[in-house]
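The values are calculated or read from the model by the stated rules, or taken from the named source; none is laboratory data. Since the model is a prediction, treat every value here as computed from it, not as a measurement. Neighbour counts run over all protein chains shown; Cβ positions are idealised from the backbone, glycine included. All accessible areas refer to the heavy atoms of the entire protein, side chains included, with ligands and DNA or RNA removed. Shrake-Rupley method; radii C 1.70, N 1.55, O 1.52, S 1.80 Å.
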Protein chains: 2
Amino acid sequence: CICYSAKGNKQLVQVKNPYLDTMEEDILYHFSLGTKTHNLPEMFGDIKFVCVGGSSNRMKAFAQFIHQELEMPGNPEEVSDICEATDRYCMYKVGPVLSMSHGMGVPSISIMLHELIKLLHHAQCRDVVLFRLGTSGGVGLAPGTVVVTDKAVDYSFLAQFEQVVLGKVVTRSTELDEEVANELLQCSSELQNFPTVIGNTLCTHDFYEGKHRVLCSGCFRLEASTRKSCSSYLLVRWEALINPWSFFL
Amino acid sequence: CICYSAKGNKQLVQVKNPYLDTMEEDILYHFSLGTKTHNLPEMFGDIKFVCVGGSSNRMKAFAQFIHQELEMPGNPEEVSDICEATDRYCMYKVGPVLSMSHGMGVPSISIMLHELIKLLHHAQCRDVVLFRLGTSGGVGLAPGTVVVTDKAVDYSFLAQFEQVVLGKVVTRSTELDEEVANELLQCSSELQNFPTVIGNTLCTHDFYEGKHRVLCSGCFRLEASTRKSCSSYLLVRWEALINPWSFFL
């Protein structure tokens, strides 16, 4: 599936934290980059597309693929990891495209997004579109179907993300950019052999117990009815919503 | 800080999921290991200690350190990654010690723990002690202090972990093994220059906004009072609890 996450508004990437401008230096610790140690506008100022995914190997392969697609000079095999000084994430830049890994799970993605948004801000990037690329399970879709996500839903199937900020629960919308979703769907119609739909993506905080997988180590005792619950958990809701689903973590 | 997570009961590592025994094959996907493709009892049956931490580089360095400490034959530099076929985690085995990475955040740790517990079960390991090793911030402690965690608390400072299982919130205790904590404290008294205490560890799902860091990209608008809130969030509770704290993600 493809989950895109935001689109620039023909302007600089904004950060809403007023304290950032008062800082002498901003160290993007998990990228091993900083405003004093690196010339971020020179390194990243021309970025228009940011593509993120869990696996570092996969995002390297994606950077190499984009290198070929854009017919960039040089050897695609030699793309170099901008974050090689840290083992937290990997990051490759190919022309206007940034390809980077985010590890597994929302907290890992969250650290990456905070530092990425600050990076794009410091680099004075404009009109940036962000995508998440990833594989997932699906309900009601043929294997291999590409799902362009228009909203991400939580375990209760609501298009929201609950985050605890300083001990208080803050709820944020997870509805994504409709225009970008339609553009992606339009692109897919020009390709052969990639059945593509617009749908929802379910996100949980646990790959095994949070979803429908009965292969957990079983920290909880499975009751007799649980296996049935596992399969019905998603199907009942899917039928109620009559919508294609994909799942990612 | 050191956070240990569980201690074996002089017996085989148990899994409570009854479906595992009915499966022809169990593939530990994120380790790139499986019950049919690998002889897990032969590879892992003698493990007594599992040490996990976020960074793959750090866990490799830890494996090399243990190699030297245990005076194992061979070159410590040549420890090899058992999970090298995947980029999700790294894993090193040095005698009875397994050293592996878990990435950042609870969901990433959760996938690793499910597959680790199943691995120890399939390998018929006995009397296994699990530790988490990591750095963290602290309140009320001198920098460099080692905290042996006796319980992990959530954002509301309760010793519990809320997990959503098939759409329902399940609450689990996070109180750890008192005996192991006291053994670790005893060990530290034999070392010089490592001030060590038993304390709590705060765990949140967000490195920036979930804790006290004002360096977030600011997805929420910081109110005039928020910076004060950031610093008081932890201190007020720390004073109320009169206890040393460390934080990890």
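Here is how the numbers come out for the structure above:
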| read-out | value |
| --- | --- |
| Single residue of B:ASN193, B:ASN200 found to be of a type outside the set (Gly, Ala, Ser), closer than 18 Å to B:VAL147 by Cβ, modelled with pLDDT of 60 or more and more than 22 Å from the chain's Cα centre (by Cα) | B:ASN193 |
| Any chance B:LEU120 is open to solvent by 50 Å² or more (accessible area, probe 1.4 Å), in the same structural domain as B:LEU28 (by TED's automatic domain parsing), more than 30 Å from B:ASN193 (Cα to Cα) and not small (Gly, Ala, Ser) | no |
| Segment A:96-109, residues that are farther than 21 Å from A:GLU84 by Cβ and in contact (Cβ under 8 Å) with a residue 24 or more places away in the chain | A:PRO96, A:GLY105, A:VAL106 |
| Of the criteria (1) free of Cβ contacts under 8 Å to residues at least 40 places away in the same chain; (2) within 23 Å of B:GLU178 (Cβ to Cβ); (3) not aliphatic (A, V, I, L, M), which one B:ASP87 fails | (2) |
| Spans of strands (runs of 3 or more DSSP E) in segment A:135-174 with at least 1 residues out of contact with any Pro (no Cβ under 6 Å at 6 or more places or on another chain) and buried (at least 17 other Cβ atoms within 10 Å of the Cβ) | A:137-139, A:146-153, A:160-165 |
| Residues (under 20 Å from B:VAL128 (Cα atoms) and within 14 Å of chain A (Cβ to nearest Cβ)) located in segment B:60-88 | B:PHE62 |
| Complete set of residues in segment B:35-60 that are over 19 Å from B:HIS102 (Cβ atoms), open to solvent by 10 Å² or more (accessible area, probe 1.4 Å) and of a type in the set (A, V, I, L, M) | B:MET43 |
| Number of the exception - B:GLY103 against (1) buried (at least 20 other Cβ atoms within 10 Å of the Cβ); (2) modelled with pLDDT under 95; (3) farther than 20 Å from B:ASN39 by Cα | (2) |
| Residue that is most open to solvent (accessible area, probe 1.4 Å), among those in segment A:178-204 that are over 22 Å from A:GLY137 (Cα atoms) and in contact (Cβ under 8 Å) with a residue 24 or more places away in the chain | A:GLU178 |
| Check on B:HIS212, open to solvent by 50 Å² or more (accessible area, probe 1.4 Å), in contact with a Pro (Cβ under 7 Å, 6 or more places away or on another chain) and at pLDDT below 90 | no |
| Hits in segment A:16-36 - residues which are modelled with pLDDT under 90 and in contact with a Leu (Cβ under 9 Å, 6 or more places away or on another chain) | A:LYS16, A:ASN17, A:PRO18, A:TYR19, A:LEU20, A:MET23 |
| Hey, B:GLY199 in contact with a His (Cβ under 9 Å, 6 or more places away or on another chain), more than 10 Å from chain A (Cβ to nearest Cβ) and more than 19 Å from B:VAL52 (Cβ to Cβ) or not | no |
| Residues located in segment B:106-122, provided they are of a type outside the set (A, V, I, L, M, F, W, C) and either more than 7 Å from chain A (Cβ to nearest Cβ) or in contact with a His (Cβ under 7 Å, 6 or more places away or on another chain) (or both) | B:PRO107, B:SER108, B:GLU115, B:HIS121, B:HIS122 |
| Failed item in (1) of a type in the set (Phe, Trp, Tyr); (2) open to solvent by 80 Å² or more (accessible area, probe 1.4 Å); (3) farther than 16 Å from B:LYS118 by Cβ, with B:TYR92 passing the rest | (2) |
| Any hit, segment B:90-100, residues being of a type in the set (S, T, N, Q), within 18 Å of the chain's Cα centre (by Cα) and at pLDDT 95 or above | yes |
| Some residue of segment A:34-54 being within 14 Å of chain B (Cβ to nearest Cβ), under 17 Å from the mean Cα position of the chain (by Cα) and among the β-branched types (Val, Ile, Thr) | yes |
